[in-house]
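This report concerns only the one structure given below.
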Amino acid sequence: MHALRQITPRRRPRVSTLSVSVVGRTLLAVLAFSFLTLQVLAQEVRSGAASLRLRGDVTARGDVLTLGDLVEGAAPEVAQRPLFRAPALGATGTIQARRIADAVAGLGLGPVETGGRVQVSVQRAARRVTQPEIEAALKRALESGFGVDPRNLAIRLDGEAPTLLAPLELNGQAVALDLSYDPRSRRIAGLITLGERQASLRVSGQVMEIREVAILGRSLNRGETINAADLSLERRPREATPSDAQGSLGDLAGQVAQRGLSAGAILRAGDLAPPDLVARGEAVTIVFDSPGLNLSLRGQANESGRLGAVVTVTNPVSKKILSATVTGPGRVSVGPAPLVRQANAALDGSALQR
């Protein structure tokens, strides 16, 4: 037996005609949707405006400060809008945060997040041409214009550390123009320029001759030996150095201070000397060497002496005192005439002893 299903009559849908009320409700729905869409868009615009943030301290590379220099988050099409004039080359200035916010609001971009900053510090970047570059430019001009060899010259500029400030894009070599030089007074003057005189500074000074001198790096007591690490060469004005200053390191290492010397002193002739190879009271070998005759015996030095020094020595057997030249450690030489007779008397066969 099968269960019977109920038969439900199907109704045809009713089609209603448009009326004024239906049209009104549809228009109200469209307007409401449009209003909500505009609200969302406005909120997005406000959110985008609120994302503008004040930068920290900035460095200006040009004459003006743009919106992008001072504010983060600005759209590319407005970031290049100039807002303020930059400080002078190398100078530093400040801008109040409220002034930046007012300028941004004037562009219709909304509020700026300051992060609690009251002001922004702005430094103008600049190329600094200092004394070494200025001196090099003057030396090149001296060489080309007056035939002066600049290798042993220095220039003492007038004033306190003159510096030429220039835009960063002027990165070429500084040039000295309108140079004047008096060889007698050694006065020099010129115009230091960059580019096509886009930046310039007039300077003057004194040309000085330079020489290299040996400088002591540490204090030495009399009789103390100097090491290579204690010495250095420095360039100094010739008129400010002693005429007998040591001009090279040469064989100074290993020599002995002849007096107390202070660190930083310019070493002069006589400050150092080779160490003594013979000490007073020391037993020495006395050698007499001449053509056909070579004698040696032991003696005693009566005084100290370095290589090449003339000292007196005593023959302990004959008690004769001889003048001899120091030739090495513990070794002296008695030369031939006029000391031949004296040497022969002292060095007779009975007196020879090792």
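The values are calculated or read from the model by the stated rules, or taken from the named source; none is laboratory data. No experiment lies behind these values; they were computed from the predicted model shown. Counting neighbours? That spans all protein chains shown, and the Cβs are built from the backbone with ideal geometry, glycine included.
Meeting the requirement of 3 or more residues that are touching a residue at least 12 places away in the same chain (Cβ under 8 Å) and surrounded by fewer than 16 Cβ atoms within 10 Å (Cβ to Cβ), the strands (runs of 3 or more DSSP E) wholly within the stretch 196-314 are 199-216, 231-237, 283-290.
Output the number of the condition that LEU109 fails; it satisfies all remaining conditions of (1) part of a loop (DSSP other than H, G, I, E, B); (2) free of Cβ contacts under 8 Å to residues at least 60 places away in the same chain; (3) in contact with a helix residue (DSSP H, G or I) (Cβ under 6 Å, 6 or more places away or on another chain). So LEU109 meets the others, but not (2).
Is it the case that ALA245 is of a type in the set (Gly, Ala, Ser) and within 30 Å of GLY270 (Cα to Cα)? Yes: the conditions hold for ALA245.
Based on this model, can you work out whether ASP69 counts as farther than 30 Å from VAL203 by Cα, within 41 Å of the chain's Cα centre (by Cα) and modelled with pLDDT of 90 or more? When the stated conditions are applied, ASP69 passes them.
A quick yes/no check of all residues on (1) under 23 Å from ARG238 (Cβ atoms); (2) of a type outside the set (Lys, Arg); (3) surrounded by 15 or more Cβ atoms within 10 Å (Cβ to Cβ):
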{"position": "ARG156", "(1), (2), (3)": "yes, no, no"}
{"position": "GLU160", "(1), (2), (3)": "no, yes, no"}
{"position": "TYR181", "(1), (2), (3)": "yes, yes, yes"}
{"position": "ALA189", "(1), (2), (3)": "yes, yes, yes"}
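In the stretch 255-263, is there at least one residue being under 30 Å from GLN206 (Cβ atoms) and modelled with pLDDT of 90 or more? Checked the stretch 255-263: at least one residue is under 30 Å from GLN206 (Cβ atoms) and modelled with pLDDT of 90 or more. For the stretch 165-178, taking the residues that are outside any loop (DSSP other than H, G, I, E, B) and out of contact with any helix residue (DSSP H, G or I) (no Cβ under 7 Å at 6 or more places or on another chain), the one that is surrounded by the fewest Cβ atoms within 10 Å (Cβ to Cβ) is identified as ASP178. So in the stretch 183-200, with the set limited to residues that are modelled with pLDDT of 95 or more and closer than 14 Å to ILE155 by Cβ, which one is farthest from the chain's Cα centre (by Cα)? In this case the residue turns out to be ARG187.
For the stretch 338-347, check the following and say yes or no: at least one residue is among the polar types (S, T, N, Q), at pLDDT below 85 and in a helix (DSSP H, G or I). For the stretch 338-347, residues among the polar types (S, T, N, Q), at pLDDT below 85 and in a helix (DSSP H, G or I): present. For the stretch 116-158, the set of residues classified as out of contact with any helix residue (DSSP H, G or I) (no Cβ under 6 Å at 6 or more places or on another chain), at pLDDT below 90 and assigned to a loop (DSSP other than H, G, I, E, B) consists of GLY116, ASP149, listed by residue number. When the stretch 59-78 is filtered for residues that are among the β-branched types (Val, Ile, Thr) and touching a residue at least 40 places away in the same chain (Cβ under 8 Å), the ones remaining, listed by number, are THR59, VAL71.
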